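First comes the structure, then the notes that go with it.
Taken together, the values in this text are just the output of simple stated rules run on the coordinates, not laboratory data. Remember, it's a predicted structure, so these values are computed and weren't measured experimentally. Glycine gets a Cβ as well: all are built from the backbone with ideal geometry, and neighbour counts include every protein chain shown.
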Amino acid sequence: MNAKEYLSQAFSLDQLINCKLEQVAVLRNHALKVTSVIQSDPVQGSKQRSPMENTLVKLMNLEQEIDADIDRLVALKQELKEFVAEIENPSHKLVLELRYLGGSTWEEVAALMGYDLRWIYRLHSKALKEANQLLERK
């Protein structure tokens, strides 16, 4: 795994969490729309779940997954923060922190650092080279 893939893990996990949060919103909306159906006593011994119960079970399971993903994201960000702290060049460290830990766009990174966007791309390339060397040493 190269430095860019290593550092991008947090962004990917964050996107996954956001996607699951959208699914939770849809399930909650669906749960509010579900109507109960009055049925006579079941003939067989097997219990069928109501649509509301099915939706609530899915919702709870998805929320548990999100909680686990958030825990992983927090641990991963701490690991990445420690890794970036080992980068020696302060400009390289800053561009990596802003982009991979802060989730800033390239335009935001350029504005915050006061550089042209093309220079940020070059600086990022140099920072990744330094990060790859650091990864190889580990």
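Each residue of the stretch 19-29 is assigned a 3J(HN,Hα), and the resulting list reads 5, 5, 5, 5, 5, 4, 4, 5, 5, 4, 4 Hz, derived from the Karplus form 6.51 cos²θ - 1.76 cosθ + 1.60 (θ = phi - 60°), x at Gly and Pro. Only Lys, Arg, Asp and Glu carry charge here, each on its Cβ (+1 for the first two, -1 for the last two); on that basis the chain has a dipole of about 240 debye about its Cα centre.
Compactness check for the chain: Cα Rg over 2.2 N^0.38 Å is 1.60.
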